[in-house]
Amino acid sequence: MLPLLLAACAPAPAREHGAQPTIVSLNPCTDAILAEVADPAQILAVSHYSHDPASSSMDVAKARRWRATGGTVEEVLALRPDLVIGSTFTSPATAQALARLGLRLERVGMAATVEDSKAQVRQLAALAGHPTRGEALLARIDAALAKAAPPPGPPINAVVWQSGGIVPGAGTLISDLLARTGFANAAAARGMQQADVLGLEPMLAAPPRVILAAGNPHAGEDRMLHHPALSALAGTRRERFDPALLWCGGPTIILAAERLAAVRRAL
């Protein structure tokens, strides 16, 4: 490990004046945004999550254009980036190690609303040195949301049901997107928060108009999400919802809004 650390601590090659920073991203949500707003050559590595179909928030084939990192200090140092993009979950030990070795770390949190995500797009585009690309992405997001806006009328009760009965309740990005596309988050109405569990019995006792089944397609069939008892809910429609659309903002908002609008039209 020592030779690797010594090599990593060697001065990085001087960049030309005005050159854009090189970046290592440790967060799948920032991976997807940076892929839209940074030059490909600026991105030295994305998070290993983006190479995994079970956890990526972007097209895996696109993500694999870049190397992946597990986020260890040794891996990051070996790449000698100008900037490291982490999350609010980046450990204090990792943050301190990067700071001691002269690497700039920027933390980006989880967006709880569309407006939070827009602020993150602007932040990352500015950090990458391409603010106009950030504004172009925001224009696409606004256009997708406008196209997905519902017609006048009461919202449709919906539950986003993940594997094991986990639901995204109040204060989540998907809850904001549901409201913007004509739905009411029935889990939030029950007082549920992020990662609370809604069991089969409560679902059957007070079913919503639509269940958005967001089971992980890479983990096998979830028995709860496909329980035969659900077929007896004559007034409830079940629709597939890709779990990759749940957590990240930026370009993911466009895909999530399109899917929610399609579900609403199908009702």
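Would you be able to say whether some residue in the stretch 152-163 is touching a Ser or Thr at 6+ places or on another chain (Cβ under 8 Å), free of Cβ contacts under 8 Å to residues at least 24 places away in the same chain and either not assigned by TED's automatic domain parsing to the domain that holds LEU225 or not aliphatic (A, V, I, L, M) (or both)?
Let us first name the residues in the stretch 152-163 that are touching a Ser or Thr at 6+ places or on another chain (Cβ under 8 Å), namely none.
The answer is no, given that none of the residues of the stretch 152-163 is touching a Ser or Thr at 6+ places or on another chain (Cβ under 8 Å), free of Cβ contacts under 8 Å to residues at least 24 places away in the same chain and either not assigned by TED's automatic domain parsing to the domain that holds LEU225 or not aliphatic (A, V, I, L, M) (or both).
Can you give me the ranges of the strands (runs of 3 or more DSSP E) entirely in the stretch 149-244 with at least 3 residues that are crowded, with 20+ Cβ neighbours inside 10 Å? Step through it out loud before you land on a result.
Numbers: elements: 156-162, 183-185, 210-214, 237-240.
By residue number, 156-162, 210-214.
Checking each residue in the stretch 18-40 for being in contact (Cβ under 8 Å) with a residue 12 or more places away in the chain and small (Gly, Ala, Ser) picks out SER25, ALA32, ALA35, ALA38. Exactly one residue out of ASP242, ASP222, ASP196 is more than 30 Å from PRO152 (Cβ to Cβ), among the acidic types (Asp, Glu) and under 20 Å from the mean Cα position of the chain (by Cα): that is ASP196. Residues in the stretch 106-129: is at least one surrounded by fewer than 14 Cβ atoms within 10 Å (Cβ to Cβ), farther than 25 Å from PRO243 by Cα and hydrophobic (A, V, I, L, M, F, W, C)? Checked the stretch 106-129: at least one residue is surrounded by fewer than 14 Cβ atoms within 10 Å (Cβ to Cβ), farther than 25 Å from PRO243 by Cα and hydrophobic (A, V, I, L, M, F, W, C). For the stretch 209-218, indicate whether the set of residues that are farther than 26 Å from ALA144 by Cα, more than 21 Å from the chain's Cα centre (by Cα) and either outside the structural domain of GLY249 (by TED's automatic domain parsing) or not hydrophobic (A, V, I, L, M, F, W, C) (or both) is non-empty. No, the stretch 209-218 contains no residue that is farther than 26 Å from ALA144 by Cα, more than 21 Å from the chain's Cα centre (by Cα) and either outside the structural domain of GLY249 (by TED's automatic domain parsing) or not hydrophobic (A, V, I, L, M, F, W, C) (or both). For the stretch 86-120, the set of residues classified as in contact (Cβ under 8 Å) with a residue 12 or more places away in the chain, under 30 Å from THR181 (Cβ atoms) and of a type in the set (Asp, Glu) consists of ASP116 only.
Only one entry in ARG140, ARG133 is of a type in the set (D, E, K, R), surrounded by fewer than 16 Cβ atoms within 10 Å (Cβ to Cβ) and not in a loop (DSSP other than H, G, I, E, B), namely ARG140.
The values are calculated or read from the model by the stated rules, or taken from the named source; none is laboratory data. In this text the structure is predicted, and so the values were computed from the model without any measurement. Note that we place each Cβ from the backbone using ideal geometry, even for glycine, and neighbour counts take in every protein chain shown.
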